[in-house]
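S.K.: Can you read through this structure? Questions will come right after.
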Amino acid sequence: MTLELPPGLVRLLAALRAAGGTPYVVGGAVRDSLLGLPIKDFDVEVFGLAAARLEPLLAAHGRVDAVGQAFRVYKLSGVDGVLGAVDVALP
């Protein structure tokens, strides 16, 4: 099964890979796709990039709001084809 990704998310994932990261689409989008349900949100986990490098990369693709202290999540708004924010986290 192939997960259809919005064009802005495809560009974001490519930029993260080009910067040396390994991004994975995780969470509800994967579950919803497997169940044949409409996808409501996208979550991305990025391996291999430091937070100091990740945040500027995200900012090139939309507005970034960092939330959480113990486990920081970057909420990226304005991604082409995505309603709401993409949640991006480091492992």
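The values are calculated or read from the model by the stated rules, or taken from the named source; none is laboratory data. Keep in mind the model is a prediction, meaning the values are calculated, not measured. So basically every Cβ, Gly included, is an ideal-geometry build from the backbone, and we count neighbours across all protein chains shown. Just the protein is used for accessible areas: all its heavy atoms, side chains included, with ligands, DNA and RNA removed. Shrake-Rupley method; radii C 1.70, N 1.55, O 1.52, S 1.80 Å.
S.K.: Out of the residues in the range 52-77 that are in contact with a Lys or Arg (Cβ under 8 Å, 6 or more places away or on another chain) and touching a residue at least 24 places away in the same chain (Cβ under 8 Å), state the one that is farthest from residue 20 (Cα to Cα).
M.R.: Narrowing the range 52-77 to residues in contact with a Lys or Arg (Cβ under 8 Å, 6 or more places away or on another chain): 61, 64-67, 76-77.
Those left that are additionally touching a residue at least 24 places away in the same chain (Cβ under 8 Å): 61, 76.
Numbers: 61: 17, 76: 19 Å.
The qualifying residue farthest from residue 20 (Cα to Cα) is 76.
S.K.: Do we find that residue 70 is more than 20 Å from residue 7 (Cβ to Cβ) and outside any loop (DSSP other than H, G, I, E, B) in this structure?
M.R.: No.
S.K.: Looking only at the range 8-26, which residues are open to solvent by less than 70 Å² (accessible area, probe 1.4 Å), within 14 Å of residue 90 (Cα to Cα) and either modelled with pLDDT under 95 or not in a helix (DSSP H, G or I) (or both)?
M.R.: 20, 21, 22, 23, 25, 26
S.K.: Among the candidates 35, 9, single out the residue that is on the phi < 0 side of the Ramachandran plot, touching a residue at least 60 places away in the same chain (Cβ under 8 Å) and out of contact with any helix residue (DSSP H, G or I) (no Cβ under 8 Å at 6 or more places or on another chain).
M.R.: Checking each option against the conditions leaves just 9.
S.K.: Can you name every residue in the range 62-91 that is open to solvent by 50 Å² or more (accessible area, probe 1.4 Å) and of a type outside the set (A, V, I, L, M)?
M.R.: 63, 65, 69, 71, 72, 75, 78, 80, 81, 84, 91 - these are the residues of the range 62-91 that are open to solvent by 50 Å² or more (accessible area, probe 1.4 Å) and of a type outside the set (A, V, I, L, M).
S.K.: Within the set of pairs 6 or more residues apart or between chains, which connect a residue that is within 17 Å of residue 91 (Cβ to Cβ) inside the range 39-51 to a residue that is of a type in the set (S, T, N, Q) and assigned to a strand (DSSP E or B) with Cβ atoms less than 8 Å apart?
M.R.: From residues that are within 17 Å of residue 91 (Cβ to Cβ), the pairs are 46/22; 47/22; 48/22.
S.K.: Could you tell me which residue of the range 44-61 is surrounded by the fewest Cβ atoms within 10 Å (Cβ to Cβ), considering only residues that are part of a strand (DSSP E or B) and out of contact with any helix residue (DSSP H, G or I) (no Cβ under 9 Å at 6 or more places or on another chain)?
M.R.: Start the filter on the range 44-61 by keeping residues that are part of a strand (DSSP E or B), which leaves 44-47.
Within this subset, residues satisfying the condition of being out of contact with any helix residue (DSSP H, G or I) (no Cβ under 9 Å at 6 or more places or on another chain) are 45, 47.
On the way: 45: 15, 47: 12.
Result: 47.
S.K.: If you scan the range 32-41, which residues turn out to be part of a loop (DSSP other than H, G, I, E, B) and either touching a Pro at 6+ places or on another chain (Cβ under 8 Å) or exposed (fewer than 12 other Cβ atoms within 10 Å of the Cβ) (or both)?
M.R.: Those that are part of a loop (DSSP other than H, G, I, E, B) and either touching a Pro at 6+ places or on another chain (Cβ under 8 Å) or exposed (fewer than 12 other Cβ atoms within 10 Å of the Cβ) (or both): 36, 37, 38, 40.
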